[in-house]
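**Q** Sharing a structure below in structure tokens format, with a few things to ask.
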Amino acid sequence: MASLWRGEKRWVLAMTLVCFALGGLLAVHVRTQQLRGATEVGRQTSALTWLLTDTRAQLEKQKEETERLRTRVAEYEEEAASEKGLIRLMMDERRNSRIALGLLPVQGPGVELILDDSTMRTGGELGGQDFFVVHDIYLLQVENELWAAGAEAVSLNGHRLISDSAITCSARLIKVNDVSISNPFVFLAIGNRDNLTSALNIRGGILDQLRVLEFQVKLTPKDEIVIPPVAIATKYEYAQPVTKEAEP
Amino acid sequence: MIALPLIALLVGFLIVYPLSPGIAPALGDYVAIAVVAGFDALVGALRSRLEHRFDEAVFLSGFFANMVLAASLAYFGDRIGVDLYLAVVVALGIRIFTNLGRVRALLVTARLETRRTRSAPVSR
């Protein structure tokens, strides 16, 4: 009985020692896991918040600048319009350029096109839901079709599309000129209504393909469409007009 | 007497928990695997005790050596780009399960034997 008791005691002692060490190790581990969760989420959130505030401030500043320049140009124009002849001609030229650059809000007849995700849901045989949502590439194809059909001004969800407009997709978000937009996607285009409508509806064209997949497509010709100006004017940093000396 | 190790586990946890600053997340995985190795040693000790072949020198050396070995193996696996971490977890997991099953079987047998002989103690 005594030897058994001694054996028992040593066993308990060893177990106690080990359990103590294990408890400590467990504490370190739990602590580490907590720390890991906290820092990762915290770091990401603060970085994103910082990015958002920064971008917003920048956008605000640039909008102000655009507004300031716009009013100044209007003043110049008023002054200049009072004169005749050559200046008048130059003013017309300027007007066209400014429409092309998207600096002026424009109005006229055209079409409205509303695009939304497919009502079809994946039953499995066709793969993922990816097939049934509007992708940036569809919007690009529509835009291209509109220009090809002679549209004079185009906007997408209120963003004027001009020569340097980009429709991109990052992390499942569609962006126009770096501003995120979401469905429904509304195109407004000014131009010959019949030409625009028939070009978009062409057999085998982009709308035709989307309709087969049951995307929600609504195309309406309109008498009067107003398209807003661009939020931020194009800046030319690299492209310069070719001068006489530089020509080969 | 059986409560002492459990109390020690709790005390160890409570002492270290407020003190520990937590360690670098990259090393966190190795601590985790060391904890699993420690539990394996614990369960193994319980089994050998019930089988009457417990030796504290084997137990203590095994406890610390296995923790270090398991963590080193995982580390080595990370260095050479092979998930040895998983191999360690699976091997230890299987061992813990087998040992726990054996412990249960031994306890049940001991109990049945006690009932049959009435007066005999649970552990001989």
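The values are calculated or read from the model by the stated rules, or taken from the named source; none is laboratory data. Quick caveat: nothing in here was measured; it's all calculated off a predicted structure. For neighbour counting, all protein chains shown are included, and Cβ atoms are generated from backbone atoms with ideal geometry for every residue, glycine included.
**Q** Every residue in the stretch B:4-25 that is hydrophobic (A, V, I, L, M, F, W, C) and assigned to a helix (DSSP H, G or I), please.
**A** Across the stretch B:4-25, the qualifying residues are B:L4, B:L6, B:I7, B:A8, B:L9, B:L10, B:V11, B:F13, B:L14, B:I15, B:V16, B:L19.
**Q** Continuing with the same structure: Name the residue that is nearest to A:V111 (Cα to Cα), counting only residues in the stretch A:150-202 that are among the basic types (K, R) and outside any strand (DSSP E or B).
**A** Among residues in the stretch A:150-202 that are among the basic types (K, R) and outside any strand (DSSP E or B), the one nearest to A:V111 (Cα to Cα) is A:R193.
**Q** Just wondering, is there one or more residues in the stretch B:26-40 that are aromatic (F, W, Y), part of a helix (DSSP H, G or I), within 12 Å of chain A (Cβ to nearest Cβ) and free of Cβ contacts under 8 Å to residues at least 60 places away in the same chain?
**A** Scanning the stretch B:26-40, I find at least one residue that is aromatic (F, W, Y), part of a helix (DSSP H, G or I), within 12 Å of chain A (Cβ to nearest Cβ) and free of Cβ contacts under 8 Å to residues at least 60 places away in the same chain, so the answer is yes.
**Q** Mind checking which residues of the stretch A:231-248 are in contact with a helix residue (DSSP H, G or I) (Cβ under 8 Å, 6 or more places away or on another chain) and modelled with pLDDT of 80 or more?
**A** The answer is A:A231, and nothing else.
**Q** Keeping to the stretch A:76-115, report how many residues are more than 30 Å from A:L210 (Cβ to Cβ), small (G, A, S) and modelled with pLDDT of 80 or more.
**A** Final tally of qualifying residues: 1.
**Q** Something else about it: Would you confirm, using the coordinates I've provided, whether A:F215 is of a type outside the set (D, E, K, R), more than 25 Å from A:S97 (Cα to Cα), assigned by TED's automatic domain parsing to the domain that holds A:V134 and touching a Phe, Trp or Tyr at 6+ places or on another chain (Cβ under 8 Å)?
**A** Criteria met by A:F215.
**Q** From A:L139, A:L146, grab the single residue that is surrounded by 13 or more Cβ atoms within 10 Å (Cβ to Cβ), out of contact with any Gly (no Cβ under 9 Å at 6 or more places or on another chain) and assigned to a helix (DSSP H, G or I).
**A** One residue alone meets the criteria, A:L139.
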